[in-house]
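Visitor: Could you have a look at this structure, given as structure tokens, before my questions?
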């Protein structure tokens with residue numbers, strides 16, 4: 001697992017979540033490239049939420065089912081009720097984020113070709 005995204009389990013609140021630190025070197029550098037393509041794509045946690053809402057709706061809508069999000073300036077977090085099905089969702093979401101960041105070509109293509117469809121913050 002990359003150092004910029006991880007899974008958190010919140011036993012107290014019976015939740016499991018994805019935490020994505022958007023200020024780590026790799027996602028920050030990718031975010032800067034996204035901003036160069038579309039100035040509205042200033043990639044703080046809020047705009048990562050906007051991107052994921054758009055991207056997941058088209059590629060993995062089941063990951064949006066039951067999701068709660070908590071974006072901040074430096075992080076994007078998504079939470080689900082803690083159960084076996086949602087543990088699998090969180091694992092898929094983490095892999096999806098890693099794939100988008102590590103193989104940024106697809107991410108940049110989406111911003112270039114469809115950025116105007118994304119509801120940026």
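The values are calculated or read from the model by the stated rules, or taken from the named source; none is laboratory data. Everything numeric in this text was worked out from a predicted model, so none of it was measured. Note that we place each Cβ from the backbone using ideal geometry, even for glycine, and neighbour counts take in every protein chain shown.
Visitor: Does the stretch 83-99 contain any residue that is in contact with a strand residue (DSSP E or B) (Cβ under 6 Å, 6 or more places away or on another chain), in a loop (DSSP other than H, G, I, E, B) and more than 21 Å from residue 26 (Cα to Cα)?
Guide: No, the stretch 83-99 contains no residue that is in contact with a strand residue (DSSP E or B) (Cβ under 6 Å, 6 or more places away or on another chain), in a loop (DSSP other than H, G, I, E, B) and more than 21 Å from residue 26 (Cα to Cα).
Visitor: In the list 28, 51, which residue meets the criterion of being modelled with pLDDT of 95 or more, out of contact with any helix residue (DSSP H, G or I) (no Cβ under 9 Å at 6 or more places or on another chain) and surrounded by 13 or more Cβ atoms within 10 Å (Cβ to Cβ)?
Guide: Working: 51 fails: out of contact with any helix residue (DSSP H, G or I) (no Cβ under 9 Å at 6 or more places or on another chain).
Only one candidate qualifies: 28.
Visitor: Now, a different point. So which of 73, 77 ends up being in a strand (DSSP E or B) and surrounded by fewer than 19 Cβ atoms within 10 Å (Cβ to Cβ)?
Guide: Within the list 73, 77, the selection yields 77.
Visitor: List every residue pair whose Cβ atoms lie under 7 Å apart, where the two residues are 6 or more positions apart in sequence or sit on different chains, the first residue falls within the stretch 63-85 and is on the phi > 0 side of the Ramachandran plot and at pLDDT 95 or above, and the second residue, located anywhere, is part of a strand (DSSP E or B) and surrounded by 12 or more Cβ atoms within 10 Å (Cβ to Cβ).
Guide: Once the first residue is on the phi > 0 side of the Ramachandran plot and at pLDDT 95 or above and sits in the stretch 63-85, its partners that are part of a strand (DSSP E or B) and surrounded by 12 or more Cβ atoms within 10 Å (Cβ to Cβ) give 66/80; 66/81.
Visitor: On to the next question. Can you work out which of the residues in the stretch 32-46 that are in contact with a helix residue (DSSP H, G or I) (Cβ under 9 Å, 6 or more places away or on another chain) and outside any helix (DSSP H, G or I) is farthest from residue 67 (Cα to Cα)?
Guide: The qualifying residue farthest from residue 67 (Cα to Cα) is 38.
Visitor: I'm told residue 18 meets every condition in (1) under 12 Å from the mean Cα position of the chain (by Cα); (2) crowded, with 18+ Cβ neighbours inside 10 Å; (3) within 20 Å of residue 119 (Cα to Cα) except one. Can you identify the failing condition by its number?
Guide: (3)
Visitor: Another one. Would a scan of the stretch 21-31 turn up a residue that is in contact with a strand residue (DSSP E or B) (Cβ under 7 Å, 6 or more places away or on another chain) and outside any helix (DSSP H, G or I)?
Guide: Yes, that holds for at least one residue.
Visitor: Do we have any residue at all in the stretch 5-15 that's surrounded by fewer than 12 Cβ atoms within 10 Å (Cβ to Cβ), free of Cβ contacts under 8 Å to residues at least 40 places away in the same chain and not in a loop (DSSP other than H, G, I, E, B)?
Guide: no
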